[in-house]
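*Asks:* A single structure is presented below for examination.
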Amino acid sequence: MASQVMPTYARLPVMFERGEGAWLWDKQDRRYLDAIAGIAVCGLGHAHPAVFAAVAEQAGKLIHTSNLYRIEKQEELAQELCRLSGMDNAFFCNSGAEANEAAIKIARRYGHYLGIDQPAIIVTEGAFHGRTLATLSATGSRKVQEGFEPLVGGFIRVPYDDVRAIEAVADKNVAAVWVEPIQGEGGVRVPAEDYLLHLRRVCDQRNWLLMLDEVQTGVGRTGKFLAFQHTFIRPDVVTLAKALGNGVPIGACLALGTAAEMLTAGQHGSTFGGNPLACSAALAVIKTLAREAIIERVPALGEQILEGFRSNLEGQPHVLDIRGKGLMIGIELDQPCGDLVKLALERGILINVTADRVIRLLPPLILTDDQARLLVKELSKLIIGYFKITA
Ligand SMILES: *Cc1c(COP(=O)(O)O)cnc(C)c1O
């Protein structure tokens with residue numbers, strides 16, 4: 001039967017019925033190793049008992065009241081996020097794009113506060129910030145923008161991982177610089193280790209906000225709670241979503257200092273944002289990450305996977321680069337490889353291809369060592385076999 005869902009996704013021919021940890025089962029009871037985790041969402045894996053218990057308990061008490069009232073779980077979550085990040089306050093919403101809309105509004109308010117009439121935000125080539133009109137305008141991909149003109153103005157684009165290009169922007173209207181610590185959709189692009197440090201210096205010199213989109217890199221993905229914590233800097237604004245609720249929709253925009261004072265009563269809002277149900281899920285995620293020391297294990301596990309792929313695939317024709325940080329891993333090939341996703345699915349492994357030719361792996365943070373070995377072995381075999389067929 002044809003689906004009546006609007007065809008905004010080229011979906012794979014599989015429907016999942018249940019999951020446990022890094023495993024998923026389809027309707028025919030076939031098992032799949034999930035190396036994409038709902039696109040970096042289910043960091044604690046599927047059907048995590050702590051998330052289940054928190055959501056069930058909260059749903060039995062209150063799902064929603066309204067931001068017209070104080071919400072205990074929201075205040076608790078804001079406190080936890082600020083403690084973990086060193087930021088000052090949090091705005092809650094329901095997705096990454098919405099968290100980014102809040103960031104854009106903060107940057108514009110900040111620009112006006114500085115006396116700039118038409119504030120601009122510096123963004124990068126290859127960036128992905130979401131699918132709403134403002135966030136797709138900030139996104140550095142023609143494919144995302146095509147056909148949706150007129151785009152929202154006020155964005156100045158520079159190459160990624162290029163501090164000089166930002167220093168060369170002479171535009172007096174700039175109020176903020178906005179990047180991902182590692183580009184996700186853009187192809188798991190890992191910038192120079194001192195990129196954020198230099199951005200912080202440039203922003204401090206010019207009184208610009210430094211804003212980070214950690215929607216994909218956040219909540220433990222790269223081996224720290226937030227990716228900027230691999231450095232000693234703090235951004236003025238950082239956005240989170242994906243893994244924050246382990247699948248229960250929630251986004252957050254955290255702000256520091258002056259940026260934290262830019263939005264006041266009546267200037268921004270969200271009906272569902274930060275409701276008791278979503279915040280309970282996020283609190284359960286944060287508590288579980290700490291209690292089970294899950295993020296602490298991510299760097300070694302990521303290294304194990306990277307080393308495995310390097311020893312199996314380095315020097316193979318068509319394999320250009322194997323890179324990543326923590327459990328955000330990319331294998332770049334010299335040609336488009338989208339059909340690998342379906343071949344992997346047939347072999348019971350869920351992977352993703354982004355930027356046309358980068359195999360992207362975002363497994364749950366609770367992936368076991370055995371599952372990591374299985375992933376490396378099966379995917380390496382598949383990539384090598386793929387080129388024997390297509391050659
Ligand atoms: C996924 C993603 C977004 C968009 O998040 P949605 O929840 O789909 O709106 C924004 N920025 C980055 C870096 C992302 O990976």
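Derivation of every value follows stated rules applied to the coordinates shown; laboratory data play no part. These numbers come from a predicted model, not from an experiment. Glycine also receives a Cβ, built like all others from the backbone with ideal geometry; neighbour counts cover every protein chain displayed.
*Asks:* Could you order peptides 240-247, 145-152, 17-24 by the average number of other Cβ atoms within 10 Å of their residues, highest first? Walk me through the intermediate numbers first.
*Replies:* Details: 240-247: 28.0, 145-152: 10.4, 17-24: 17.4.
Put in order of decreasing packing, that is 240-247, 17-24, 145-152.
*Asks:* Cut-off 10 angstrom, C-alpha nodes, Gaussian network model of the chain. Which of Asp334, Asp34, Asp88 fluctuates the most?
*Replies:* Highest fluctuation among the options: Asp334.
*Asks:* Also, I was wondering about something else. Can you figure out the FRET efficiency of Glu76 with Asp334, using R₀ = 51 Å and their beta-carbon distance, to the nearest 0.05? Intermediate results must be reported in sequence, preceding the final value.
*Replies:* Details: r = 49 Å, r/R0 = 0.96.
The formula returns an efficiency of 0.55 here.
*Asks:* Mind checking which of Ser311, Ser137, Ser85 has the largest fluctuation in a GNM of the chain, springs on alpha carbons under 10 Å?
*Replies:* So, out of Ser311, Ser137, Ser85, the one fluctuating most is Ser311.
*Asks:* Now a separate question. Starting from 0 in steps of 5 Å, tell me what percent of the Cα-Cα pairs of the range 142-219 lands in each bin.
*Replies:* For the range 142-219, the pair-distance distribution reads 3, 13, 22, 24, 19, 14, 4, 1.
*Asks:* For the chain, set up a GNM with springs between Cα atoms under 10 Å and report which of Leu375, Leu283, Leu68 has the largest fluctuation.
*Replies:* Among Leu375, Leu283, Leu68, the largest mean-square fluctuation in the Gaussian network model of the chain belongs to Leu68.
*Asks:* Related question: Given N residues in the range 258-335, what is Rg(Cα) / (2.2 N^0.38 Å)? The partial results should precede the final answer.
*Replies:* Working: Rg = 20.5 Å, N = 78, 2.2 N^0.38 = 11.5 Å.
That works out to 1.78 for the range 258-335.
*Asks:* Evaluate the charge dipole of the range 50-291 about its Cα centre and quote only its size in Debye, nearest 20, assuming +1 on the Cβ of each Lys and Arg and -1 on the Cβ of each Asp and Glu.
*Replies:* Details: 23 positive and 25 negative charges, 59 e Å.
Approximately 280 debye in magnitude.
*Asks:* How are the Cα pair distances of the range 95-252 distributed, in percent, across 10 Å bins from 0?
*Replies:* 11, 43, 37, 8, 0
*Asks:* So, one more: Binning at 10 Å from 0, report for the range 193-333 what percent of all alpha-carbon pair distances ends up in each bin.
*Replies:* 11, 30, 32, 20, 6, 1
*Asks:* Now, a different point. With an 8 Å Cα cut-off and a minimum separation of 6 or more residues, compute the relative contact order for the chain in percent. Mind showing how you got there, number by number?
*Replies:* Numbers: 764 pairs, mean separation 87.4, N = 391.
Result for the chain is 22 percent.
*Asks:* Rg(Cα) of the range 306-385 divided by 2.2 N^0.38 Å? Numbers along the way, then the final one.
*Replies:* On the way: Rg = 11.5 Å, N = 80, 2.2 N^0.38 = 11.6 Å.
That ratio works out to 0.99.
*Asks:* Continuing with this model, one more query. Run lengths n ≥ 4 of DSSP H only: what is the helix-derived mean residue ellipticity at 222 nm for the chain, with -39500 (n - 2.57) per run over all residues, to the nearest 500?
*Replies:* On the way: 12 runs with 139 residues, N = 391.
Calculated at 222 nm, the ellipticity per residue is -11000 deg cm²/dmol.
*Asks:* Now, a different point. For the chain, I need the span (max minus min coordinate) of the C-alpha atoms along each principal axis, in Å, sorted largest to smallest.
*Replies:* Projected onto its principal axes, the Cα set of the chain covers 61, 54, 44 Å.
*Asks:* When the convex hull of the Cα atoms of the range 255-391 is projected onto a plane and the area is averaged over all directions, what value comes out in nm²?
*Replies:* Values: hull surface 48.2 nm².
Mean projected area for the range 255-391: 12.1 nm², to one decimal.
*Asks:* Grab the alpha carbons of the range 60-185, take their convex hull, and tell me the volume per residue in Å³.
*Replies:* Working: hull volume 21.0 nm³, N = 126.
Roughly 167 Å³ of hull volume per residue.
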